[in-house]
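The values are calculated or read from the model by the stated rules, or taken from the named source; none is laboratory data. Just so you know, these numbers come straight off a predicted model, no measurement behind them. Cβ placement follows ideal geometry from the backbone for every residue including glycine, while neighbour counts extend to all protein chains displayed.
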Amino acid sequence: MTTAHQDSLAAFFGRSPLSAVHQDDGPQSRITVSPEEQIIQQRGRLRSSPRRKALTSNSPRIKVTEMVDLISDSPNDASGWTPLRKKSQVDGIKRRLQLEERTTRGDVDCEPQDDSMDRNEEIVPKKKRKYTKSNKSEPPNLHKRLSALSCEQLTKLIENLVENHPELEEEIALPSPDISNLLENLERCKSNIFKSFPNSRWGSSRDAFCYRRVKTHLDSFTKSCIDQGKQLESFESWTALIEYILKAWEIVDELPHWDNPDHNKTKNRCFKTLGVQCKKSISHSHLTQSEYRDMLSRLEEAVQINDNLLPCIQLVKKKIT
């Protein structure tokens, strides 16, 4: 390696104190230092540099200005450490160090204060919360409480009320039972019968083949029609039973009439059972003369559909006379 090459490397890495001591005193006293040794010497000085110790120290006693001054030394520092030459980098480090210093001071300020501060100040008692009437929970009304009860509970409640207060029995006017749900059930069963018919038929739609297709729904309609009448009869709701029979009579008449007479037994069974129930309800009913006359006119119209209600007409005529 030539002397010019060595001088250029020494100028790049900077002259070390060792090289300063061994300057050229003459051709005999010159000591040649290789570039590798210069790099090793620079690393050792960087690790032992006072500025590096200041930057890596966690001590809060070092001021920000001192650390920034250490960073912003001149390039010709005697320690040989290469400084930060860009002003933006120095400003960024400065702001970061100031933020750390403020955080440290904030932690010190958050320490608990003495109990001796402001003891003479008056302690203001907490105001009691005033509860208004709107905040108080109101009991549910009677309608909601009765709606939550079952039929058995309502029945038992009314019985106990009348037993304790017999004079209320004459004042309680019980309404007639609602039969709209019963009639809707019959209409639904009748609709299922007609929906079960085959979609296309070359022959009659009332033959044995179609009857077998709808027989299940016919049996369901017959059972519902009879059981609902028996239910009203067990409750002894005679007025509601008569109303149910007269309206169910028209629905039964709308059922299909089959070619085979044996297939019409289910329809005739409904007429016969409804006629027996109507006769029993009229004999137990207590209506006014005007209500019996209205019933008589409706029974005469129903007889034109089926004659199973003829005994009922005779009973109504006896009630009127």
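Details
- Restricting region 274-313 to residues that are buried (at least 18 other Cβ atoms within 10 Å of the Cβ), farther than 30 Å from PRO198 by Cα and of a type in the set (S, T, N, Q), the residue that is farthest from the chain's Cα centre (by Cα): ASN308
- Residue check, LEU310 aliphatic (A, V, I, L, M) and either touching a Leu at 6+ places or on another chain (Cβ under 6 Å) or touching a residue at least 40 places away in the same chain (Cβ under 8 Å) (or both): no
Here's the yes/no breakdown for (1) over 23 Å from GLU243 (Cα atoms); (2) of a type in the set (Gly, Ala, Ser):
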position	(1), (2)
LYS156	yes, no
SER180	no, yes
LEU186	no, no
ARG212	yes, no
THR222	no, no
ILE226	no, no
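- The combined condition, being of a type in the set (A, V, I, L, M), in the same structural domain as CYS312 (by TED's automatic domain parsing), part of a helix (DSSP H, G or I) and closer than 30 Å to ARG145 by Cα, is not fulfilled by LEU157.
- A count restricted to region 220-236 and to residues that are part of a helix (DSSP H, G or I) and over 14 Å from THR273 (Cβ atoms) stands at 2.
Each row is one residue, and each column tells you yes or no for (1) touching a helix residue (DSSP H, G or I) at 6+ places or on another chain (Cβ under 7 Å); (2) without any contact (Cβ under 8 Å) to a residue 24 or more places away in the chain.
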position	(1), (2)
GLU170	no, yes
LEU174	no, yes
LEU186	yes, no
ASN192	yes, no
LYS195	no, yes
ASP207	no, no
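- In a residue-by-residue description of region 160-168, the property of being part of a helix (DSSP H, G or I), outside the structural domain of LYS267 (by TED's automatic domain parsing) and under 45 Å from the mean Cα position of the chain (by Cα) applies to at least one position.
- Boolean, ILE251 is closer than 30 Å to TYR292 by Cβ and surrounded by 13 or more Cβ atoms within 10 Å (Cβ to Cβ): yes
- Here LEU182 meets the list (1) surrounded by fewer than 11 Cβ atoms within 10 Å (Cβ to Cβ); (2) part of a helix (DSSP H, G or I) almost entirely, failing just condition (1).
- In region 288-321, the residues that are within 14 Å of LEU246 (Cβ to Cβ) and part of a loop (DSSP other than H, G, I, E, B): GLN304, ILE305, ASN306
- LEU287 being in contact with a helix residue (DSSP H, G or I) (Cβ under 8 Å, 6 or more places away or on another chain), in contact (Cβ under 8 Å) with a residue 24 or more places away in the chain and farther than 24 Å from ALA208 by Cα: yes
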